[in-house]
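The values are calculated or read from the model by the stated rules, or taken from the named source; none is laboratory data. Values in this document were obtained by computation on a predicted structure and should not be read as measured data. Here Cβ is always computed from backbone atoms with ideal geometry, including for glycine, and neighbour counts include all displayed protein chains. For accessibility, only protein heavy atoms count, side chains too; no ligands or nucleic acids. Shrake-Rupley method; radii C 1.70, N 1.55, O 1.52, S 1.80 Å.
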Amino acid sequence: MNAQYSSSEMMTIAASRLLQNGQVCFVGIGQPSAAANLARLTSTPDIVLIYESGTIGTKPDVLPLSIGDGELSETADLVVSVPEMFRYWLQGGHVDIGFLGAAQIDRFANINTTVIGDYNNPKVRLPGAGGAPEISTNCKEILIILKQSSRAFVEQLSFITSPGFMEGGDSREEAGLTNKGPVAVITDLGVLEPDPVTKELVMTHLHDGVTVDQARESTGWDLKFADHLQTTELPTDEELKVLRDLNERTAKAHAGAE
């Protein structure tokens, strides 16, 4: 990896490029929020960002610590109740794309944010579902972002918090889910996309300097690669400047909250 930027910066920038101007995007806290706000500050100024707390069209100057961060309400075009956000905006089909993180993911883009290990006696208790199950089943499309390792990309999830393509093939549609589901998984190594028939995640892009062996060793299943594997475009100076400025402002603003 080029020493001029980190793998985390490459991941955030690659994810931001998948958003489009004018989209309504339901944003998760953490890495999805960083990528979505980078997109808003660079390539997609007219994107409409909404958060689970009911903020619509929010334009935070710093990244929020949680969905209840006052920065989201203060910079929003509109704040609605949580029931209205879910029942009307999300379940009503008004959200173009949902942007989620995950602790674990499997080959069919099902994600786990609940527990690692046995549910009743887990090794790790994770933050839980939040609104992710509703986001994954009601937004028209889904993006997922997480760092790639064999601990995160697993053969078998400990718990399915939010469905991707379930058992693959047509199983998502057979379960009555009519939205498109995950369209890409962005990692610090590259980008994966679902096979159009099997729905298994296939590596379509590697970030500059990342090898096929490195990606394979960081995946807990037999990872497949696209016939025409592409290399992600390098970050631009503008993307890096805006992202670093955003992260610096955020760190200063939240210094007293540690």
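Of all the numbered requirements in (1) out of contact with any His (no Cβ under 9 Å at 6 or more places or on another chain); (2) modelled with pLDDT of 95 or more; (3) not acidic (Asp, Glu), residue 189 misses one, and that requirement is (1). Of the residues making up the stretch 219-240, those that are surrounded by 15 or more Cβ atoms within 10 Å (Cβ to Cβ) and of a type outside the set (A, V, I, L, M) are 219, 220, 221, 224, 225, 232, 235, 239.
For the stretch 30-57, the set of residues classified as of a type in the set (A, V, I, L, M, F, W, C) and either closer than 21 Å to residue 93 by Cβ or touching a residue at least 40 places away in the same chain (Cβ under 8 Å) (or both) consists of 34, 35, 36, 38, 41, 47, 48, 49, 50, 56, listed by residue number. Contact map, the stretch 109-129: residues that are under 17 Å from residue 162 (Cα atoms) paired with residues that are buried (at least 17 other Cβ atoms within 10 Å of the Cβ) and aromatic (Phe, Trp, Tyr), Cβ distance under 8 Å, separation 6+ or inter-chain. Pairs shown: 109/165; 110/165; 112/159; 114/159; 115/159; 119/159.
Taking the options 165, 159, 153, name whichever one is closer than 25 Å to residue 66 by Cβ, surrounded by 19 or more Cβ atoms within 10 Å (Cβ to Cβ) and modelled with pLDDT of 95 or more. If you could, list the steps in order and put the result at the bottom.
Working: 165 fails: closer than 25 Å to residue 66 by Cβ; 153 fails: closer than 25 Å to residue 66 by Cβ.
Just a single option satisfies the conditions, and that option is 159.
On the given criteria, is residue 208 at pLDDT 95 or above, among the acidic types (Asp, Glu), open to solvent by less than 70 Å² (accessible area, probe 1.4 Å) and in contact with a Lys or Arg (Cβ under 8 Å, 6 or more places away or on another chain)? Answer is no for this residue.
Considering only residues in the stretch 1-21 that are part of a loop (DSSP other than H, G, I, E, B) and at pLDDT 95 or above, the one that is nearest to residue 237 (Cα to Cα) turns out to be 5.
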